[in-house]
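Heads up, the thing below is written out as structure tokens.
The values are calculated or read from the model by the stated rules, or taken from the named source; none is laboratory data. None of the values given here were measured: they were computed from a predicted structure. Note: ideal-geometry Cβ built from the backbone for every residue, glycine included; neighbour counts use all protein chains shown. Quick note on the areas: whole protein, heavy atoms, side chains included, nothing else; ligands and nucleic acids left out. Shrake-Rupley method; radii C 1.70, N 1.55, O 1.52, S 1.80 Å.
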Amino acid sequence: MAVVVLVRSPLPRLRALLQRCWGRLERGLWPGVLGGQSPPWGPVVAVQGPALVPRGINDAGESSAEAPSLLESVLWMAAPKQRRTVEVNRSRRRHPSKLIEVKRNIDVCPECGNLKQKHVLCGYCYAKVKEETRLIRMEIYKKEGRPFNAPTVETVVLYEGEKPTEKDAGKRIIERARKRPSWFVQN
């Protein structure tokens, strides 16, 4: 339990609000502790409650007459001895382990000419692949007449000017009325 003594506020409304709160605290919680008097307003000091509130009976069954000293009840916190300089702060924040690494595996996409990471599909080409896949799924939906499910047979996509081979016998064939894109290789 901690007791806080409030400082006189420069703002009159805030001062009145703090005085009302302090009065309610005095009347409601501690009518006998402070002797019914209003303490003088002064600087704020945070202390632990046992220094100001009388103690009860100890575990041994005897009441303690002496109160702990003020230095024992003050909450001590660590504080820096000197201010860190701008150079020290910037050196700490800009340490090489905290910086973003420069990517050295950047390459030009052979299809569209945009920059991409090596061994990663180009983002612009991926949008084209995604759109083509969506159109192929719509063709499957039209052919089957129901939502797309995992097929029991392999699917072959034939573009304009392509004919099924002997290997495609027994497979589901989807025909697209356009030229095969350069990135969509035929197996």
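Of all residues in the range 92-108, those satisfying the criterion of being open to solvent by 100 Å² or more (accessible area, probe 1.4 Å) and of a type in the set (A, V, I, L, M, F, W, C) are Ile100, Val102. Pairing each residue of the range 151-177 that is at negative phi with any residue that is surrounded by fewer than 10 Cβ atoms within 10 Å (Cβ to Cβ) and at pLDDT below 85, provided the two are 6+ apart or on different chains, yields C-beta distances under 6 Å for Lys171/Val153; Arg172/Val153.
Within the range 81-90, does at least one residue satisfy the condition of being open to solvent by less than 80 Å² (accessible area, probe 1.4 Å), at pLDDT below 85 and not in a helix (DSSP H, G or I)? No: the range 81-90 contains no residue that is open to solvent by less than 80 Å² (accessible area, probe 1.4 Å), at pLDDT below 85 and not in a helix (DSSP H, G or I).
Criterion applied to Tyr159, Tyr141 was being under 12 Å from Gln186 (Cβ atoms) and of a type in the set (Ser, Thr, Tyr), and the one residue passing it is Tyr159. Taking the stated definitions as given, is Arg134 in a loop (DSSP other than H, G, I, E, B), under 47 Å from the mean Cα position of the chain (by Cα), exposed (fewer than 12 other Cβ atoms within 10 Å of the Cβ) and not aromatic (Phe, Trp, Tyr)? Taking the combined requirement at face value, the residue does not satisfy it.
Residues in the range 145-173 that are part of a helix (DSSP H, G or I) and open to solvent by less than 60 Å² (accessible area, probe 1.4 Å): Asp168 alone.
Checking each residue in the range 109-131 for being loosely packed, with under 13 Cβ neighbours inside 10 Å, touching a helix residue (DSSP H, G or I) at 6+ places or on another chain (Cβ under 9 Å) and among the acidic types (Asp, Glu) picks out no residue at all. For the range 174-187, taking the residues that are out of contact with any Phe, Trp or Tyr (no Cβ under 7 Å at 6 or more places or on another chain) and assigned to a loop (DSSP other than H, G, I, E, B), the one that is least open to solvent (accessible area, probe 1.4 Å) is identified as Pro181.
On the given criteria, is Glu101 outside any loop (DSSP other than H, G, I, E, B) and among the charged types (D, E, K, R)? For Glu101, the condition - outside any loop (DSSP other than H, G, I, E, B) and among the charged types (D, E, K, R) - is not met.
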